[in-house]
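These notes concern the structure reproduced below.
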Amino acid sequence: MNREDRTVAAAVRRELPAIAQAVDAIVGAIENGGRLFYVGAGSSGRMGVLDAAEIAPTFGTSPGLVRALIAGGRRAVTSAVEGAEDSVRNGEEDLREQRFGGRDIIVGIAASGTTPYVLGALQYARKKKATVIALTSNRRMPITRLADIVIAPEVGPEVVTGSTRLKAGTSQKLVLNMLSTAAMVRLGHVYENLMIDAVLTNKKLEDRALRILVAASGKSMSAGRRALRQAGHDIRVALVILKRGISAVAARKLVAAAHGNLRAALGESRHG
């Protein structure tokens, strides 16, 4: 299995131009007020659910910005729901219930490229004139004919024949990581390589925020702790306090005036 897994990264590497194109499309859609949807069934659907669940706490976005639909609904996340993926109509109806529109963007995830639930969702997305991205392991399948952008890491036969949770699932995880993370970086939710919009919901994350502030500002732990407290645990505001040597009130005004653009609030150029 380990020997076979080593081939996955190479397969994903061959898809980097398509992945970059998809990131551009996702950023454009979100900047235009749209949302990012993942849709899949079984293992593929669970990969989408996993990635979508991590976005809001990692990057401080609204919970509804990245959404995942899985055939069979919430129960299918932890249990097999037999036959759920076989309905084209359910894919369309689930997307309709989300009020999916032309400004939104969708990633259909299907290793086989033939999953009816996913095809139904993508057909509906095309009717709405939304951008459609296909993530599959076979570019010669129906899903690719519905897509504007095709990402198809061809990982070859699985160690256990037909078990797409193995190499195909690993390739999906790698691609989804790239799509969401690169898009969030482009949208300004990362400073250098630091998570400046993480939601501080526990002690571990508060400690991480403090380390981020110290690394980004070069200040002491005590200064970082004080700034984080003054900022109401807003990492962006705390970093402006530290780097510009100003009060929390002034820092909040700068961040608001910059519409959340941290580099602008810090008085730095994009590449500074």
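Remarks
- Solvent-free Debye scattering, log10 I(q)/I(0), computed from the Cα coordinates of the chain at q = 0.09, 0.12, 0.13, 0.15 Å⁻¹: -0.48, -0.78, -0.87, -1.03
- Loop-resident sites, segment 178-272, for trypsin sites (Lys or Arg not before Pro), counting at most 11 other Cβ within 10 Å (DSSP): ARG270
- For segment 191-237, the share of alpha carbon pairs falling in successive 5 Å distance bins from zero is 5, 26, 38, 26, 6 percent.
- Positive-end residue of ILE55, ILE26, TYR191, charge dipole of the chain with Cβ unit charges: TYR191
- Each Lys and Arg Cβ is given +1 and each Asp and Glu Cβ -1; about its Cα centre, segment 2-186 then shows a dipole of about 220 debye.
- Descending Cα extents along the principal axes, segment 203-266, whole Å: 30, 19, 18
- Set LYS128/LYS204; LYS127/LYS173; LYS173/LYS203; LYS173/LYS204; LYS128/LYS173; LYS129/LYS253 screened for pairs whose C-alpha atoms are more than 32 Å apart: LYS128/LYS204; LYS129/LYS253
- Along principal axes, Cα extents of segment 134-260, largest first, whole Å: 59, 31, 22
- Choice from ALA250, ALA121, ALA198 with maximal GNM fluctuation in the chain (Cα, 10 Å cutoff): ALA250
Taken together, the values in this text are just the output of simple stated rules run on the coordinates, not laboratory data. No experiment lies behind these values; they were computed from the predicted model shown. Using ideal geometry, Cβ is built from the backbone for each residue, glycine included, and neighbour counts are taken over all protein chains shown.
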